[in-house]
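Contents: one structure, followed by commentary.
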Amino acid sequence: MLVPAVLLAGQVPVPAVALAGSGGRLPGAAAVISTVAGGVGGPAAGTKVAVFVPCGVSVGAGGVYVADTGSVRRVASQTGRLSTSAGTGSPGPLGDGGPAAAASVGIPPQVAGCGIAADHSGSLVIADSGHNRIRVVARRTGRFYGKAMTAGDIYSVAGNGTRGFSGDGGPAAAAELDNPLGLAVDGAGNLVFIDSFNSRVRVVAGRTGTFYGQAMTKGDIYTVAGNGIGGFSGDGGPAVAAELNEAEGVAVDGAGNLVIADSFNSRVRVVAVSTGTFYGQVMTAGDIYTVAGNGTRGHSGDGGPAGGAELSIPGGVSADSAGNLLIADTDNNRVRVVAAGTGTFYGQPMTAGDIYTVAGTGRPGSSGNGIPAAGSRLCGPTGVAADGAGNLVIAGGCEERVLVVARQTGTFYRQPMTADDIYTIAGNGHIEFSGDGGPAVRAQLNGPQGVAADGHGNLVIADADNRVRVAAASTGTFYGRAMTAGDIYTIAGDGIGGFSGDGGPGRSAELADPHGVAIDAHGNAVIVDRVNARVRVVAGSTGTFYGQPMTAGDIYTVAGNGIEEFAGDGGPATSASLANPDGVVVDGAGNLLIADALNERIRMVAGSTGTFFGQPMTAGHIYTIAGDGNEGLAGAGGPATAASLFGPAGLAVDSAGNLLIADTVNDRIRVVAASTGTFYGRAMIVGDIYRLAGGGTGGPGDGGPAVSARLAQPGGVAVDSAGNLVIADTGDGRIRVVAESTGTFYGLAMTARNIYTIAGDGVQGYSGDGGPAVGAEFDFPGGVMVDNAGNVVIADTRNSRVRTVTG
């Protein structure tokens, strides 16, 4: 499989306009890395905002907290705006003791019962299952859980990061946990959580005292339910002797009892905090009882006793202000209620101890806003809570939404709502698209493949979400859209994979996996529409380009007929066939150069009639200038059209017009000479192909000759203003430079024709923003370009970000 890639040569004059983190630096200054587009998303209002896969919800601090993939988000009650409270949305360093928004939070996708809660000080508590820890984001500066904390920073209060079971009766931070999930804070300030794979419920004591029948010391950890054996047993006896089966959710009800979603037993169980009658049963303090579910996985029992009903892997539980139990009945695609007393709740008459569905028909899916909740469709709801107004807040799971069932008619989360109807308050139904019209650094991207800069300094991004987007560097009208500096906008693609829209607005067109993107001399955005086997253009202004009259903001095909094969050389480009095209670049003569990847060729659409790369060409026609159609490595030093390539991806053109190729699967950077002369320290003949970097079999080779270095599936290549080659060494997770001359570049002393790493530590991951670029982590960086301010701009593909290296 080819590594996603991209490309821009950087021929277009790009002013040094600052997007976040850009700007030139003096030679020798340390190269610094920052993100300029993409992240975990928000803030923005309502349904414009994406969440990844919400798996848990909790109420506190004037809003709803949402456990999202790799982060915790907050929807403000009054404004409906989304913000990120913790986590970057990507793997990376743990970040303990630093800002929560820069930390790695291990909340995996599609897990029910994700644990988040607000404690009595207003701090956010997170069950970080990926790191096997319980963590706290301090709301204010002070000492909590035995640790000095600074407001806004994150700290581990339980778990040493090692997966296992140990530590009961000792300091919680030294204990071993195994996949902590559901989490709650009880009335005494203790943290209660599900230690899922240990089949236990454990407590971190918030203060010294006796709780759940045990003497506890502040900051220490204790088991209060479960004997460590996965199964079902123990009802009516001590909770610590009972068996649980991958429980996922926990809550504390109004009486202080622990309520457990014993998920794979398909039951909801209660550990009594005191002796008395609860949920129609006589209970003894410290013992465990089933209050909903008969252990058979299925759906039945609505309107009857909860203990006789069927549930299906309930994921989250909570209690409302009336004491009713709220259950996210995950695999039944419903939210259900066990009535604590007899009365009317959620628009239904209920009898104490009986169970009722209040949202979801059982059919998986998504329903529109403003319909009765009982008639709506849900998709694997994983968490449920009641907010301060009594509304039900639901983590929609695979629906990628956070939903609210209004308890009464009124305005909530800045939306007018009708009692018992259902509404979306966050999420757009797409996992990784959000932010249009808002700050680029808070928008969600979906594996950006290519990036280019236009003559205004705007970044143009080919996003795998079947869109091309622009991060505006200045305020103005671009590609037919009014834009504000720093914000992001879609200029092509409606997010639906397909082919449509030629001759109309780019935003209404369908694309299919856009990869490469470049800017021509007229300011048009040139897009490789990969799966559609076409190259398309979004006009930057109204005029005639590529032989076609075009309107600003509209989209047109300029190469490829949509048939995936090899055909058409010597004829009109729009009649030719391409196969999985990847990279594109525009040279100084206005020619389009295309990496026709599965055809193992580089092809050119002539911008004018003349001789290029040693071939006579006709304007608008297409020609092969490199590659014989075979996978391989033959032909170095001879005619490029007789040479073999293997998965060519990124392209660039240097100041002499020579074509640079990221020959990805061959692990090399190669050049096709545009004229006869001496380039890169060697004599070259027009139309011939030569190796510039890669092919070594030892280590990476930093500091030595580029032709002896090892590259790993390089996906992109660019040329900076000094003539240095900048390479996205994709498989190695690095950005590397081949020096054109001896001097200091990107803060490093370099020798001509040697290779150096300027960004990336070789570990695939996400880290480093704001620090030295060589210490940062990338995750398969695919595309690279250099702007005229000297910034290296990188499509950090699997991190769904665009990042810059200054220096």
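Does residue 700 satisfy the condition of being surrounded by 24 or more Cβ atoms within 10 Å (Cβ to Cβ), part of a loop (DSSP other than H, G, I, E, B) and not aliphatic (A, V, I, L, M)? Reasoning before the result, please.
Numbers: surrounded by 24 or more Cβ atoms within 10 Å (Cβ to Cβ): no; part of a loop (DSSP other than H, G, I, E, B): yes; not aliphatic (A, V, I, L, M): yes.
So residue 700 fails the test.
Determine whether residue 473 is in contact (Cβ under 8 Å) with a residue 40 or more places away in the chain, more than 20 Å from the chain's Cα centre (by Cα) and part of a loop (DSSP other than H, G, I, E, B).
Yes: the conditions hold for residue 473.
Take the residues in the range 480-490 that are modelled with pLDDT under 90 and in a strand (DSSP E or B); name whichever of them is least open to solvent (accessible area, probe 1.4 Å).
Applying the filter and picking the extreme gives 488.
Could you go through the range 287-302 and let me know if any residue there is over 22 Å from residue 354 (Cβ atoms) and either in contact (Cβ under 8 Å) with a residue 40 or more places away in the chain or of a type in the set (Asp, Glu) (or both).
Within the range 287-302, one or more residues are over 22 Å from residue 354 (Cβ atoms) and either in contact (Cβ under 8 Å) with a residue 40 or more places away in the chain or of a type in the set (Asp, Glu) (or both).
Testing residue 162 on (1) within 26 Å of residue 232 (Cβ to Cβ); (2) among the polar types (S, T, N, Q); (3) out of contact with any helix residue (DSSP H, G or I) (no Cβ under 6 Å at 6 or more places or on another chain); (4) open to solvent by 10 Å² or more (accessible area, probe 1.4 Å), one condition comes back false. Which one is that?
That leaves (1) as the condition not met.
What are the pairs with Cβ atoms under 7 angstrom where one residue, in the range 624-637, is in contact (Cβ under 8 Å) with a residue 40 or more places away in the chain and the other, located anywhere, is of a type in the set (Ser, Thr, Tyr) and part of a loop (DSSP other than H, G, I, E, B)? Sequence gap at least six, or different chains.
Filtered contacts from the range 624-637: 635/644.
Being of a type in the set (D, E, K, R) and within 27 Å of residue 382 (Cα to Cα) is the filter here, so list the residues in the range 164-216 that pass it.
Within the range 164-216, the first condition is being of a type in the set (D, E, K, R), and the residues that meet it are 168, 176, 178, 186, 195, 200, 202, 207.
Passing the criteria: 176, 178, 186, 195, 200, 202.
Say we look at the range 425-448 and pick out the residues that are polar (S, T, N, Q) and open to solvent by 10 Å² or more (accessible area, probe 1.4 Å); which of these is modelled with the highest pLDDT?
446
Of these, 319, 306, 255, 328, which one is under 15 Å from residue 356 (Cα atoms) and surrounded by fewer than 24 Cβ atoms within 10 Å (Cβ to Cβ)?
319
Say we look at the range 116-158 and pick out the residues that are of a type in the set (Gly, Ala, Ser) and within 22 Å of the chain's Cα centre (by Cα); which of these is surrounded by the fewest Cβ atoms within 10 Å (Cβ to Cβ)?
130
Between 361, 351, which is modelled with pLDDT of 85 or more, surrounded by fewer than 19 Cβ atoms within 10 Å (Cβ to Cβ), among the hydroxyl-bearing types (Ser, Thr, Tyr) and touching a helix residue (DSSP H, G or I) at 6+ places or on another chain (Cβ under 8 Å)?
Of the residues listed, the single one that is modelled with pLDDT of 85 or more, surrounded by fewer than 19 Cβ atoms within 10 Å (Cβ to Cβ), among the hydroxyl-bearing types (Ser, Thr, Tyr) and touching a helix residue (DSSP H, G or I) at 6+ places or on another chain (Cβ under 8 Å) is 361.
I need the full set of residues from the range 391-411 which are surrounded by fewer than 22 Cβ atoms within 10 Å (Cβ to Cβ) and at pLDDT 80 or above, in order please.
407, 408, 409, 410, 411, listed by residue number.
Just to check your reading of the model, which residue among 236, 280, 182 is modelled with pLDDT under 90, surrounded by fewer than 23 Cβ atoms within 10 Å (Cβ to Cβ) and of a type outside the set (A, V, I, L, M, F, W, C)?
Values: 236 fails: modelled with pLDDT under 90; 182 fails: surrounded by fewer than 23 Cβ atoms within 10 Å (Cβ to Cβ).
Just a single option satisfies the conditions, and that option is 280.
Provide a single number: the residues in the range 540-576 that are surrounded by fewer than 18 Cβ atoms within 10 Å (Cβ to Cβ), part of a strand (DSSP E or B) and touching a Phe, Trp or Tyr at 6+ places or on another chain (Cβ under 8 Å).
1
From the residues in the range 674-692 that are among the hydroxyl-bearing types (Ser, Thr, Tyr) and part of a loop (DSSP other than H, G, I, E, B), which one is surrounded by the most Cβ atoms within 10 Å (Cβ to Cβ)? Please lay out each step first, then the result.
Here is the first cut: in the range 674-692, the ones among the hydroxyl-bearing types (Ser, Thr, Tyr) are 675-676, 678, 680, 690.
Checking the rest, the ones that are also part of a loop (DSSP other than H, G, I, E, B) come to 675-676, 680.
Working: 675: 15, 676: 13, 680: 23.
Ranking the candidates gives 680 first.
For the range 316-362: of the residues being among the hydroxyl-bearing types (Ser, Thr, Tyr) and part of a strand (DSSP E or B), which is nearest to residue 423 (Cα to Cα)?
Filtering first and then ranking leaves 357.
In the list 802, 793, 717, which residue meets the criterion of being open to solvent by less than 10 Å² (accessible area, probe 1.4 Å) and under 29 Å from residue 697 (Cβ atoms)?
717
Condition first: over 18 Å from residue 560 (Cα atoms), among the charged types (D, E, K, R) and either under 21 Å from the mean Cα position of the chain (by Cα) or open to solvent by less than 50 Å² (accessible area, probe 1.4 Å) (or both). Now tell me which residues in the range 491-517 satisfy that.
Across the range 491-517, the qualifying residue is only 494.
Can you find, within the range 331-347, the residue that is most open to solvent (accessible area, probe 1.4 Å) among those that are more than 17 Å from residue 254 (Cα to Cα) and touching a Ser or Thr at 6+ places or on another chain (Cβ under 6 Å)? Walk me through it before giving the result.
Step one: filter the range 331-347 for residues more than 17 Å from residue 254 (Cα to Cα), giving 331-336, 343-344, 346-347.
Narrowing the set further to residues that are touching a Ser or Thr at 6+ places or on another chain (Cβ under 6 Å) leaves 331-332, 334, 336.
Details: 331: 74, 332: 17, 334: 37, 336: 0 Å².
Top of the filtered list is 331.
With respect to the numbered conditions (1) of a type outside the set (S, T, N, Q); (2) under 23 Å from residue 268 (Cα atoms); (3) surrounded by fewer than 22 Cβ atoms within 10 Å (Cβ to Cβ); (4) under 27 Å from the mean Cα position of the chain (by Cα), which one is the sole condition not fulfilled by residue 383?
(3) is the only condition that residue 383 fails.
Over 35 Å from the mean Cα position of the chain (by Cα) and either surrounded by fewer than 18 Cβ atoms within 10 Å (Cβ to Cβ) or hydroxyl-bearing (Ser, Thr, Tyr) (or both) - does that describe any residue in the range 591-607?
Among the residues of the range 591-607, not one is over 35 Å from the mean Cα position of the chain (by Cα) and either surrounded by fewer than 18 Cβ atoms within 10 Å (Cβ to Cβ) or hydroxyl-bearing (Ser, Thr, Tyr) (or both), which makes the answer no.
Test residue 320 against the stated conditions and say whether it is of a type outside the set (Gly, Ala, Ser) and at pLDDT below 90. Even if it seems obvious, please write down each step before you answer.
Values: of a type outside the set (Gly, Ala, Ser): yes; at pLDDT below 90: yes.
For residue 320, the condition - of a type outside the set (Gly, Ala, Ser) and at pLDDT below 90 - is met.
What is the number of the single condition among (1) open to solvent by 20 Å² or more (accessible area, probe 1.4 Å); (2) within 27 Å of residue 198 (Cβ to Cβ); (3) not in a loop (DSSP other than H, G, I, E, B) that residue 268 does not meet?
(1)
Condition first: open to solvent by less than 20 Å² (accessible area, probe 1.4 Å) and within 23 Å of residue 379 (Cβ to Cβ). Now tell me which residues in the range 286-303 satisfy that.
Of everything in the range 286-303, those that are open to solvent by less than 20 Å² (accessible area, probe 1.4 Å) and within 23 Å of residue 379 (Cβ to Cβ) turn out to be 292, 293, 298.
Among the residues of the range 608-653, which ones are surrounded by 24 or more Cβ atoms within 10 Å (Cβ to Cβ) and part of a loop (DSSP other than H, G, I, E, B)?
Result: 613, 627, 643.
The values are calculated or read from the model by the stated rules, or taken from the named source; none is laboratory data. From a predicted model like this one, the values you see are computed outputs, not experimental measurements. Backbone-built Cβ (ideal geometry, glycine too); neighbour counts: all protein chains shown. In case anyone asks, the SASA skips ligands and DNA or RNA and just uses the protein heavy atoms, side chains included. Shrake-Rupley method; radii C 1.70, N 1.55, O 1.52, S 1.80 Å.
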